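Comments concern the structure below.
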Amino acid sequence: MKLISAVLLVFFHVTVFAQANPDSSVFNNSFVFNNGIYTSLEELKENAPRFLNCELDLDKKNEKIYTEDLYYINSRKTRLKYEAPLYAVVADGRLSIFYKTKLNIIFLKGALSTFILEEVVTTTQYPQNNAGGYGYPGYGYPGYGMGPSMPITTSHVETNIYFLDYETGIIEKVSRENLEPFIYRDAILYESFKKIKGDSNHRKSYPFISQYNTRNPVYIAILPEENTDND
């Protein structure tokens, strides 16, 4: 009975919110933001980019973006120096979040929005170098002419899934530990989430993101586009 009451209460609040805010829509994969350059999470929530109908002038050969040497094209097709914070870009309805010098396309929109990021991971190992079993690791036995072992550095590309918390703007790599503080907000969902054990590849955690978004919808304003050139 208590569960039914809780569900009805949530439904009531969602219905009232939707009726009281006819100029808003649920933030999900069907929602399309206004094209432009967004300088903050607040602009994204209001669907009001500071640089409306503008696009970054990027070198497609270089994935990394350096904001100190960045230009944009305004709605009049004029190339200008970009001198503002960079948070997100919407081009042809596709939302990309600026994170770790890259624009990352959001593939799941909602209270917890997710994107894929390819990262170069570098590791350094110090192999042991003992002479005849004497001395400490990394140092040769005196008289054998063996010095400290040389470190070995290797790099590889790792594909990770990150999530953006729409409420706070926090971005974290998807893992049980990183998701827990956010799933905890939903007491009912958290009861199932806390039972996850041994989720080394995070596959058990992923479904909870979609469930959380379904149970905790957020809304974006639908505003008419203004004719601003930002020049």
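The values are calculated or read from the model by the stated rules, or taken from the named source; none is laboratory data. Just so you know, these numbers come straight off a predicted model, no measurement behind them. Ideal geometry is used to build each Cβ from the backbone, glycine not excepted, and the neighbour counts take in all protein chains shown. For the accessible areas, the whole protein counts, side chains as well, though only heavy atoms, and no ligand, DNA or RNA atoms are used. Shrake-Rupley method; radii C 1.70, N 1.55, O 1.52, S 1.80 Å.
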When you scan segment 167-188, how many residues do you find that are in a helix (DSSP H, G or I) and either open to solvent by 60 Å² or more (accessible area, probe 1.4 Å) or modelled with pLDDT of 95 or more (or both)? 9
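Name the one entry in Tyr66, Tyr82 that is modelled with pLDDT of 95 or more and either of a type outside the set (Lys, Arg) or open to solvent by 100 Å² or more (accessible area, probe 1.4 Å) (or both).
Details: Tyr66 fails: modelled with pLDDT of 95 or more.
Result: Tyr82 is the single residue among Tyr66, Tyr82 that is modelled with pLDDT of 95 or more and either of a type outside the set (Lys, Arg) or open to solvent by 100 Å² or more (accessible area, probe 1.4 Å) (or both).
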Which of the following residues is at pLDDT 95 or above and open to solvent by 50 Å² or more (accessible area, probe 1.4 Å): Glu225, Glu158, Glu191? Glu191
How many residues, within segment 34-50, are farther than 16 Å from Ile222 by Cβ, open to solvent by 40 Å² or more (accessible area, probe 1.4 Å) and either in contact with a helix residue (DSSP H, G or I) (Cβ under 6 Å, 6 or more places away or on another chain) or in contact (Cβ under 8 Å) with a residue 40 or more places away in the chain (or both)? 1
Qualifying position, being at pLDDT 90 or above and either part of a loop (DSSP other than H, G, I, E, B) or farther than 20 Å from Thr114 by Cα (or both), among Ala18, Ala48: Ala48
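Taking Ala131, is it open to solvent by less than 50 Å² (accessible area, probe 1.4 Å) and modelled with pLDDT under 90? Break it down into steps so the answer makes sense when it comes.
Details: open to solvent by less than 50 Å² (accessible area, probe 1.4 Å): yes; modelled with pLDDT under 90: yes.
For Ala131, the condition - open to solvent by less than 50 Å² (accessible area, probe 1.4 Å) and modelled with pLDDT under 90 - is met.
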